[in-house]
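Q: Quick one: the structure is below, and I'll ask about it shortly.
The values are calculated or read from the model by the stated rules, or taken from the named source; none is laboratory data. All values derive from a computational prediction rather than experimental measurement. Because the Cβ atoms are built from the backbone with ideal geometry, glycine has one as well, and the counts that use them run over all protein chains shown.
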Amino acid sequence: MLVGIGFDIHEHSENSELYLAGLKLEGVGFKAHSDGDIILHALCDALLGSVGKKDIGYYFPSNLKTPENISSLKILEKVLSVIEYPSLKINNITADKAPRVARKVLISLPDKTEKITMIPINQTKIIITWI
Ligand SMILES: [Zn+2]
């Protein structure tokens, strides 16, 4: 069994739209070179780390080599190719986020995740714990 842990943090920005888990939500977004989706960034780092690859900053550096405002879903697509998914079977994903957005993400995440990442949802358990 392989285990990966991802963590991401960005400064809030009143000028940025809020994206979490690939969803555009109401609220203040995060300052970032990409769309600042902290859940997908943490997921990408967890996936990369689980197979011993370098972190997200290696594949998507915050400079001119990475398109500005790139969707984190594009980043996730690249990461899935790097880890050679679906040769790996993901059993469980747990994401922690602040209570004020967790309910919206919890309601919306499974279908969106299956659509975007092609992870069979019956093999993927999404848990958002309240912190
Ligand atoms: Zn990030």
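Q: For GLY57, only one of the following conditions fails: (1) within 12 Å of the ligand (Cβ to nearest atom); (2) surrounded by 15 or more Cβ atoms within 10 Å (Cβ to Cβ). What is its number?
A: Condition not satisfied by GLY57: (2).
Q: Still on this structure: Looking at GLY36, is it in a loop (DSSP other than H, G, I, E, B), within 15 Å of the ligand (Cβ to nearest atom), under 17 Å from LEU76 (Cβ atoms) and in contact (Cβ under 8 Å) with a residue 12 or more places away in the chain? Steps first, answer last, please.
A: On the way: in a loop (DSSP other than H, G, I, E, B): yes; within 15 Å of the ligand (Cβ to nearest atom): yes; under 17 Å from LEU76 (Cβ atoms): yes; in contact (Cβ under 8 Å) with a residue 12 or more places away in the chain: yes.
For GLY36, the condition - in a loop (DSSP other than H, G, I, E, B), within 15 Å of the ligand (Cβ to nearest atom), under 17 Å from LEU76 (Cβ atoms) and in contact (Cβ under 8 Å) with a residue 12 or more places away in the chain - is met.
Q: A further question on this structure: Restricting the first residue to the stretch 40-55 and requiring it to be over 18 Å from ILE9 (Cα atoms) and touching a residue at least 60 places away in the same chain (Cβ under 8 Å), which pairs with a second residue that is more than 10 Å from the ligand (Cβ to nearest atom) and among the hydrophobic types (A, V, I, L, M, F, W, C) meet a Cβ separation below 6 Å and a spacing of at least six or different chains?
A: Nothing qualifies.
Q: Of SER34, SER81, which residue is among the hydroxyl-bearing types (Ser, Thr, Tyr) and crowded, with 20+ Cβ neighbours inside 10 Å?
A: Values: SER81 fails: crowded, with 20+ Cβ neighbours inside 10 Å.
One residue alone meets the criteria, SER34.
Q: Condition first: in contact (Cβ under 8 Å) with a residue 24 or more places away in the chain and outside any loop (DSSP other than H, G, I, E, B). Now tell me which residues in the stretch 57-76 satisfy that.
A: Hits for the stretch 57-76 are ILE70, SER72, LEU73, ILE75, LEU76.
Q: With the checklist (1) over 21 Å from ILE93 (Cα atoms); (2) at pLDDT 90 or above in hand, flag the one item LYS65 doesn't pass.
A: That leaves (2) as the condition not met.
Q: Do the conditions hold for LEU88, that is, is it touching a helix residue (DSSP H, G or I) at 6+ places or on another chain (Cβ under 9 Å), surrounded by 11 or more Cβ atoms within 10 Å (Cβ to Cβ) and at pLDDT 85 or above? Please lay out each step first, then the result.
A: Numbers: touching a helix residue (DSSP H, G or I) at 6+ places or on another chain (Cβ under 9 Å): yes; surrounded by 11 or more Cβ atoms within 10 Å (Cβ to Cβ): yes; at pLDDT 85 or above: no.
Here the answer is no, as LEU88 does not meet what is asked.
Q: Let me ask you something else. Name every residue in the stretch 10-27 that is modelled with pLDDT under 85 and of a type in the set (A, V, I, L, M), in order of residue number.
A: LEU20, ALA21, LEU23, LEU25
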